[in-house]
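The values are calculated or read from the model by the stated rules, or taken from the named source; none is laboratory data. Every value quoted in this text rests on a predicted model; they were computed, and no experiment measured them. Cβ placement follows ideal geometry from the backbone for every residue including glycine, while neighbour counts extend to all protein chains displayed. Quick note on the areas: whole protein, heavy atoms, side chains included, nothing else; ligands and nucleic acids left out. Shrake-Rupley method; radii C 1.70, N 1.55, O 1.52, S 1.80 Å.
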Amino acid sequence: MTYDPKASANGKSVSCDEEFCMLNTPYSDCRTGMPCDFQVSYGDGSSTAGFFVKDDIQFEQVSGDLQTTSMNGSIAFGCSSRQSGELGASNQAVDGILGFGQASSSVISQLAATGKVKKIFAHCLDGKNGGGIFTIGPVVHPKVNTTPLVPDAPHYNVIMKGIEVGGQVLDIPTTMAIIDSGTTLAYLPHKVYSTLIDKLIERHPQLNIHLVEQSFHCFDYTGKIDDGFPVVTFRFADSLPLTVYPHDYLFQIEESRWCIGWQDSKMQTKDGSEITLLGDLALSNKLVVYDIENQTIGWTEYDCSSTIKLKYEESSGSAYTVASHNISSAPMMDSTKFFTFFLIIISILFNLLK
């Protein structure tokens, strides 16, 4: 169902003269009384545009072990009227995009501005069963090791020190990487991508690799992929590893046909540096904690169909158990279901900090 601000009892358009608009829109022709427009472009070249509205959104507040109570929060968000690129394709359409970036316009920043929450959230994408966990607030179990966020970066940028393929260190320079749960696959600088692909297939020179949908390099393989292909490990500042297994970066499109999830990024920053973008391919089956308060991000391998513990109040130190949501997976790419992207944004577990 399409969101209709006019059908909402509390929904209203944000106008150009409101503080939210003045802080979050770059358009100089925005005049008093006019709707506050927005336009967002994403790394894959797709974009969305429309106008800002403000409405009450229902959250689930943690109230005890495996217990929640409903509450509302007033949030300004973009009501999209135009989509382009992959977002405009009917076979890749989504119901919406939940913004949890560091900008003041994001959902997490707006909630934190009310003083009710800390700017800390976590997700755990269950790559085996679909669904997972999404929470706001400090996670006390399991513990995660962290790496610093790059200061003043618009995304969740971290310093990548190196890459290992099957235990062998690749000869690549220290570079910056973006951790992005809004991206399904993983995009690497051309040199890194080429070196990595060569290492992946050097054990199987007989593989007949062919291009599918003009995007994916695929091959036929009847063995166990976790036995036949190497583990890839990214290493970040403060000795934090991110391990990606063959069953993470290879996806099956037919009984014995597999495609490689690593992509040649062909993307650059404004200064000409190539971008490393690590999406759900690398983040699935891990609890990932974004601590904006302390400017760190961390993760640990985890069973995302299980439970975690959240700290409830800073003063009492109480911690409550939160369970995963078993949400049906949504097919992406096209009718051949090349890749399955696990959606977890059905209800947000809202950890109220008094």
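Does GLY166 satisfy being open to solvent by 10 Å² or more (accessible area, probe 1.4 Å) and not assigned by the TED database to the domain that holds CYS16?
Numbers: open to solvent by 10 Å² or more (accessible area, probe 1.4 Å): yes; not assigned by the TED database to the domain that holds CYS16: yes.
Taking the combined requirement at face value, the residue satisfies it.
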Worksheet item: So how many residues does the range 56-102 have that are open to solvent by 40 Å² or more (accessible area, probe 1.4 Å), part of a loop (DSSP other than H, G, I, E, B) and touching a helix residue (DSSP H, G or I) at 6+ places or on another chain (Cβ under 8 Å)?
Response: 4
Practice prompt. Looking for whichever is on the phi < 0 side of the Ramachandran plot, under 27 Å from the mean Cα position of the chain (by Cα), modelled with pLDDT under 90 and not in a loop (DSSP other than H, G, I, E, B) here; the options are VAL40, VAL53. Which one fits?
Written response: VAL40
Worksheet item: So which residues in the range 178-221 are under 15 Å from GLN263 (Cα atoms), of a type outside the set (Gly, Ala, Ser) and part of a loop (DSSP other than H, G, I, E, B)?
Response: ASP180, THR183, THR184, LEU185, PRO189, ILE209, GLU213, GLN214
Worksheet item: List, please: which pairs have Cβ atoms under 6 Å, are six or more places apart or on different chains, and start with a residue in the range 238-266 that is at positive phi and end with one that is not charged (D, E, K, R)?
Response: ASP238/THR147
Discussion item. Regarding the range 180-188, can at least one residue be identified that is open to solvent by 30 Å² or more (accessible area, probe 1.4 Å) and over 17 Å from ASP280 (Cα atoms)?
Written reply: no
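Listed here are the residues, each with its yes/no results for (1) in the same structural domain as LEU170 (by the TED database); (2) closer than 27 Å to GLY137 by Cβ; (3) β-branched (Val, Ile, Thr); (4) surrounded by fewer than 17 Cβ atoms within 10 Å (Cβ to Cβ).
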position	(1), (2), (3), (4)
LEU200	yes, no, no, no
ARG203	yes, no, no, yes
VAL212	yes, no, yes, yes
PRO241	yes, yes, no, yes
GLU254	yes, no, no, yes
ASN285	yes, yes, no, no
TRP299	yes, yes, no, no
Discussion item. Every residue in the range 256-283 that is of a type in the set (A, V, I, L, M, F, W, C) and open to solvent by 10 Å² or more (accessible area, probe 1.4 Å), please.
Written reply: TRP258, MET267, ILE275, LEU277
Worksheet entry | Search result, residues across the range 12-32 that are modelled with pLDDT under 90, open to solvent by 60 Å² or more (accessible area, probe 1.4 Å) and part of a loop (DSSP other than H, G, I, E, B) | PRO26, TYR27, SER28, ASP29, ARG31, THR32
Worksheet entry | Residues (crowded, with 16+ Cβ neighbours inside 10 Å, over 18 Å from the mean Cα position of the chain (by Cα) and not in a loop (DSSP other than H, G, I, E, B)) located in the range 108-138 | GLN110, LEU111, ALA112
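Suppose we filter the range 155-177 for residues that are in a strand (DSSP E or B) and small (Gly, Ala, Ser); how many remain? Please lay out each step first, then the result.
Our first condition is that a residue be in a strand (DSSP E or B); within the range 155-177, this holds for 157-165, 168-169, 175-177.
From the residues that got through so far, the ones that are small (Gly, Ala, Ser) too are 162, 177.
So the count comes out to 2.
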